[in-house]
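Shown next, in structure tokens, is the structure this report addresses.
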Amino acid sequence: MSLNLNSNIADPDAFYKELIDSQRGMDDAQAAMMNCKLVLLLANHIGDREVIREALKRAGGAV
Amino acid sequence: MFKTYSYPKFPYIQSEEQKSSQVRRHKLVIVGAGPIGLTAALDAAAHNIPCVVLDDNDTVSVGSRAVCYAKRPLEVWDRLNVGERMVAKGVGWKLGKVFFKDRLSYQFDLLPEDDNKMPAMINLQQYYLEEYMVDEIGRLPQVDLRWKHKLMAIEQRNDHAVLTVETPDGVFTMEADWVLACDGANSDVRSMVGAQFTGQFFQDRFLIADVIMKAEYPTERWFWFDPPFHPNQSVLLHRQPDDVWRIDFQLGWDADANEEKKPEKIIPRVKAMLGDDREFELEWASVYQFACRRIDDFRYGRVLFAGDSAHQVSPFGARGANTGVQDIDNLIWKLKLVIEGDAPITLIDSYNEERAFAADDNLLNSTRATDFITPKSASSRLYRDATLQLAEDPDAEFARKLVNSGRLSMPTPYVHSSLNTQDEDVFGGGMHPGTNCADAPVKVQGKDAWFLNQIGGQFTLLSFGTAPVESVAHGRVSAKVLQVGRDIADEKGILAARYDAAPGTTYLIRPDQHVAARWRGFDETKIARALARAVAA
Ligand SMILES: Cc1cc2nc3c(=O)[nH]c(=O)nc-3n(C[C@H](O)[C@H](O)[C@H](O)COP(=O)(O)OP(=O)(O)OC[C@H]3O[C@@H](n4cnc5c(N)ncnc54)[C@H](O)[C@@H]3O)c2cc1C
């Protein structure tokens, strides 16, 4: 499996709003903490190290 | 200070060779009588190699230093007759708790496997460990342990080394076919031979304090990330014998070691941690900064390195002494065969091959733990804290797996070693060539015994069927048959299960209790070939 870059979420606009809204009322530190948890949760869900590595690269990570 | 332990002072004795100014050639000179040099002396004696041990001091380790000893080194010490005494004095533990701020984040159980002679882990002050080994050495005529002997210089020759040694009576010269440098992390020998010692330095400083108190805390390993009594840093609490508790405080990179070591600085910290009303006495304290690095080659001509002189790891995971003991376990039988002319000198190079591989594994583990415990950037700290917060969720098992307060020392199997013979038959279970042998309860002449006590020191052919011969040899190296059902009884079937044995299964086991090869039958030609390979012939 490789990282899916095609649109994979039904109703993209609603998803995006949900993501942004989920951090409403948070200060920067709280939002940053939440983002870290989110990365960890989603990475674990994906599980496949190849896919995760590709995502790290696409996101501009030094891998 | 030191209410619970009185330090022995070992006598300095001038050697005959210094008195007479006669330069003597020794087979083996061990530099340093720390845990690793002393283990080396015991193992040399077990292999009947006469040796001289030089130490610049005249007592044991000051302060507890290394605390946790894992099953494999205990098995090695048991082979050398000191393991049982250590276990009897040490405190066993198996539960670890990790706290984040003021809450329990999660706990782990070492889950020791049943039916092993040695426990998963014991805690024991380093001075006891050393004292017991010095006692045992006193009974061994092969070891000449010399206190107040400082190695000053080494000159390498083709087939030996020339040592300049200083004692209270002045300077004298000795020669050695082999020199084993067990002179610790700041090894002088390393610089004398021009070896490189590279890796990563960590900025953070740690305060370690031995505190005496009568406390009803359970015997567990407690680790705090960012506790209220020591904000932003980590703290570790461990129980040792004699009501001595070891506390490690992370201090951060800008701490002043001399300042932090003062009782008036330490006592308030400990009080804040324990709550004001608990009575305690401070026994010993020290501040240290650590590094993760290793020597580029464990052998320089006739000089070999083992223990901290060869590799230095962070204390998380208690790897320092544990891994050093396994260096010795790996080296001494090889040295014996080479000294006796029974194996080529290239066998010694497999020591570097196998133990550098293990050192890299340890360094990787200890660097990872250190990066988790002492995050190097705001963002890595955020990930660390996020992991710890997620770990509190009982459903989030995955996050608990990410929490790293030090992975406990496990032996590194030599899976790629050139001494192994690869499997040609199919085996289940974990006893691959290169792996240290699992223990199991057995019976010998009707009496309860342990499997590991039946092997070691020489090659063994563990045979789960009727072996057609009593031994198989390559040159003068011979592997003696140990037949299950005849020499040892496996009444519970645990040995057979751990070795995935069927009738006829045969294991070739090295003198350091590691698997060299295994088959589903007993084929003398194949065994002889594997034996030759295991001695680098
Ligand atoms: C403050 C401190 C805390 C530690 N805490 C832990 C811990 O919690 N857990 C853990 O696993 N490990 C810990 N360690 C590391 C552990 O103590 C070492 O891994 C272990 O002692 C290594 O044993 P060694 O025999 O290789 O070296 P050492 O114990 O350092 O012994 C070296 C010996 O060589 C002698 N020597 C040195 N130079 C010469 C010379 N030129 N001539 C003659 N003799 C010489 C020294 O006197 C010494 O006796 C700690 C170390 C220190 C310093």
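Any read-out appearing in this document is the output of simple, stated calculations on the displayed coordinates, not a laboratory observation. All figures in this text were calculated on a predicted structure; none of them were measured in a lab. All Cβ positions, glycine included, derive from the backbone under ideal geometry; neighbour counts span all protein chains shown.
Brief remarks on what is shown
- Convex hull volume per residue in cubic angstrom - Cα atoms of segment B:441-534: 87
- Packing rank of B:368-376, B:8-16, where each peptide gets the mean count of other beta carbons within 10 Å, highest leading: B:368-376, B:8-16
- By the count of neighbouring beta-carbon atoms within 10 Å, fewest first, A:ILE52, B:ILE247, B:ILE348, B:ILE328 end up ordered A:ILE52, B:ILE348, B:ILE247, B:ILE328.
- Working note: Karplus 6.51/-1.76/1.60 with θ = phi - 60° gives segment B:330-340 the couplings 6, 7, 5, 5, 5, 4, 4, 5, 6, 4, 6 Hz, where Gly and Pro are set to x.
- Look at the alpha carbon pairs under 8 Å that are at least 6 residues apart: their mean separation over the length of segment B:6-151 gives a relative contact order of 35 percent.
- The lysine pair count for segment B:69-185, using Cα distances under 16 Å and pairs eight or more places apart or on different chains, is 5.
- Counted residue by residue at 0.36 nm each, then reduced by the alpha carbon distance between them, the extension gain from B:PHE201 to B:ALA473 reaches 93.1 nm.
- Per-residue Cβ neighbour counts within 10 Å put B:ASP360, B:ASP243, B:ASP159 in the sequence B:ASP159, B:ASP360, B:ASP243, beginning with the fewest.
- Only alpha carbons enter this Debye calculation for chain B, each as an equal point scatterer, and the log10 of I(q)/I(0) it gives at q = 0.12 Å⁻¹ is -1.20.
- Peptide B:401-413 shows a mean partner chain C-beta count of 0 within 10 Å per residue C-beta.
- Cα Rg over Rh - the protein assembly as shown, Kirkwood: 1.00
- Residues in segment B:106-128 reached by a label modelled at B:THR219 [backbone nitrogen below 12 Å; 7 Å Cα→Cβ]: B:119-124
- Each residue in B:MET410, B:MET174 was given a count of other beta-carbon atoms within 10 angstrom of its own, and listing them fewest first yields B:MET410, B:MET174.
- Modelled FRET efficiency - R0 41 Å, B:ARG157 with B:ASP371, Cβ distances, 0.05 increments: 0.40
- Burial order of peptide ranges B:230-236, A:55-61 (average beta-carbon count within 10 Å, highest first): B:230-236, A:55-61
- Inter-chain neighbour count for A:35-41: the average number of beta-carbon atoms from partner chains within 10 Å of each residue's beta-carbon is 6.
- What the Cβ-Cβ distance of B:SER21 and B:VAL62 gives, at R0 = 35 Å and to the nearest 0.05, is a FRET efficiency of 0.55.
- Secondary-structure-derived ellipticity at 222 nm for the protein assembly as shown, considering helices only, amounts to -9500 deg cm²/dmol, per-run term -39500 (n - 2.57) for DSSP H runs with n ≥ 4.
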